[in-house]
Amino acid sequence: GTFAISIPEAPYRCPPGPYERACQVANYLKQHNPKGKVLILDANQDVTSKGGLFKKVWAEQYAGIIEYRPKHNVVGVDAKTKTLKLEVADDVKADVLNVLPQMSAGEIAIKTGLANSNGRWVNVNFLNFESTAQKDIHVLGDSIQIAPTMPKSGHMANQHAKVAAAAIVAELSGLEVNPAPVVTNTCYSFVNTRDVVHVASVHQYDAEKKTFLPVKGAGGLSPGPTALEGVYAWGWAHNIWADSLG
């Protein structure tokens, strides 16, 4: 059978997510249905996150199972026949379809006029994450128009919340808002049931450009997947869940 994943044009939530999902499905097929195939139809020019790492894993662990097709934009779905209609390529039929639609801020942000960036995302003041369309409304996470190279991840949303909360407390207390907040991001991806790769980055507010910019030399990328990073990934997950959800 064929499992087809379609990925919309960036930006979208958690860029590595669909590629990680492809790995997990391919890992299952490798063990239970080695003739199966995972087809990744990506509207983007190339893999948008950890490209070198994912491609290496696909070649070494899932050769003949995962097929990656860049610049394949899905414009329609026929659920009855399980067919994906593409903008320029021929239709694709598969046994299982995993279709990611083009993403945007939530309906409430669009209907209330907060989504003032191409009608899809919310522009904010990055010092306190206040909407530029409406005073005293603070917007976090996936719904905002992100800063340069800033990912739409759960870890980053957690960081947005901390900057916003600190700024709101400062404003209510008559104190100065932190003029140079710093946020970090870590994103782990399982490439099978045990081995993991990660990417990490640090971003600091730039007063002149009024946005967050990546800090040069900070963060990093895995040299390759390891079981030790799998241990780190579970530790990170439990910590971020506790920190965000209590």
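The values are calculated or read from the model by the stated rules, or taken from the named source; none is laboratory data. The model shown is predicted, which means the values in this text are computed figures rather than measured ones. Neighbour counts run over all protein chains shown; Cβ positions are idealised from the backbone, glycine included.
Observations
- Filtered residues of the range 202-240 (kept if assigned to a helix (DSSP H, G or I) and in contact with a helix residue (DSSP H, G or I) (Cβ under 9 Å, 6 or more places away or on another chain)): TRP236, ILE240
- Matching entry among LYS35, LYS55 (being of a type in the set (Lys, Arg) and either buried (at least 18 other Cβ atoms within 10 Å of the Cβ) or in contact with a strand residue (DSSP E or B) (Cβ under 8 Å, 6 or more places away or on another chain) (or both)): LYS55
- Candidates THR184, THR149, filtered to the one that is at pLDDT below 95, β-branched (Val, Ile, Thr) and outside the structural domain of GLU9 (by TED's automatic domain parsing): THR149
- In summary, VAL75 fulfils each of the numbered conditions (1) touching a Lys or Arg at 6+ places or on another chain (Cβ under 9 Å); (2) in the same structural domain as TYR188 (by TED's automatic domain parsing); (3) not charged (D, E, K, R) with the single exception of condition (2).
- Some residue of the range 109-117 being without any contact (Cβ under 8 Å) to a residue 40 or more places away in the chain, among the hydroxyl-bearing types (Ser, Thr, Tyr) and in a strand (DSSP E or B): yes
- Check on ALA167, of a type in the set (A, V, I, L, M), at pLDDT 95 or above and in contact with a Phe, Trp or Tyr (Cβ under 7 Å, 6 or more places away or on another chain): no
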